[in-house]
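Since the structure comes first, as structure tokens, the remarks are kept for the end.
Read the figures in this text as sums done on the coordinates, not as results from a lab. Note that this is a predicted model, so its numbers are computed, not measured. Here the Cβ positions follow ideal geometry from the backbone for every residue, glycine too, while neighbour counts run over all protein chains shown.
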């Protein structure tokens, strides 16, 4: 940790605020009125998600009550704020020396809690980058996985790379529950060679944040060569011939999610998430 360098924090948000708000019993009538006891663990396609969307903007009783709840005790109210604020205290990092990016999944319950975290930090004088970044399609379906990962690389990891180029140290708060997008962010950060992020997590049992050890992940030279070769769509017969000379099997590379085969047009191309990763390296 270089105390002389500017620091950029990215915070993945979960829905702990909603669960903690219900358990606090401070607004039992409000909880009952809107069935808020179910909000923290909703599936992305649950009909209640549409109702929650109405409470994301400011100026309604749910939004205002959640924000006041967080303000009253941010560490108890929010898992991500607990780890973030504790990390700053532990390493004596001043808010004046950092910038923060907040991101959430494209689900109404997560967008609501992310907005509450954003507004709390903004009110406390932290410098936030843009608005809450919403990563599209996360958790919607298995078929959308590649779009999810590409969106994460594009909207979050791309920003981190630009900050590194500007001389910032990168810090990733990975505390927001057992969320796949948090795992993907950490993995993607390890794959983009320039990032070398500091990833921290707060275990409930430890009561303080810890820095997770990270080893950079490198795409093997062989796979990178193949990925570079097929960044543009290539006729299947040409791809098969090229891969055969290199000792590869097309079906194997498709199964490993390195390449994709468009059977309608008989075209082979590097998968979208990997093309995006090549752009970032």
**Request:** Give region 87-100 a look and list any residue that's assigned to a strand (DSSP E or B) and either more than 19 Å from the chain's Cα centre (by Cα) or within 22 Å of residue 210 (Cβ to Cβ) (or both), or say none.
**Result:** 98, 100
**Asked** Any idea which residue in region 26-42 is nearest to residue 15 (Cα to Cα), counting only those that are free of Cβ contacts under 8 Å to residues at least 12 places away in the same chain and surrounded by fewer than 18 Cβ atoms within 10 Å (Cβ to Cβ)?
**Response** 38
**Complete:** Within region 233-264, residues being assigned to a helix (DSSP H, G or I), in contact (Cβ under 8 Å) with a residue 24 or more places away in the chain and under 22 Å from residue 150 (Cα atoms) number 1
**Fill in**
Residue pairs qualifying under the 7 Å Cβ cut-off, at least six apart or on distinct chains, with the first in region 207-223 being over 23 Å from residue 273 (Cβ atoms) and the second being part of a helix (DSSP H, G or I), are 208/86; 208/90; 209/83; 209/86; 209/87; 209/90
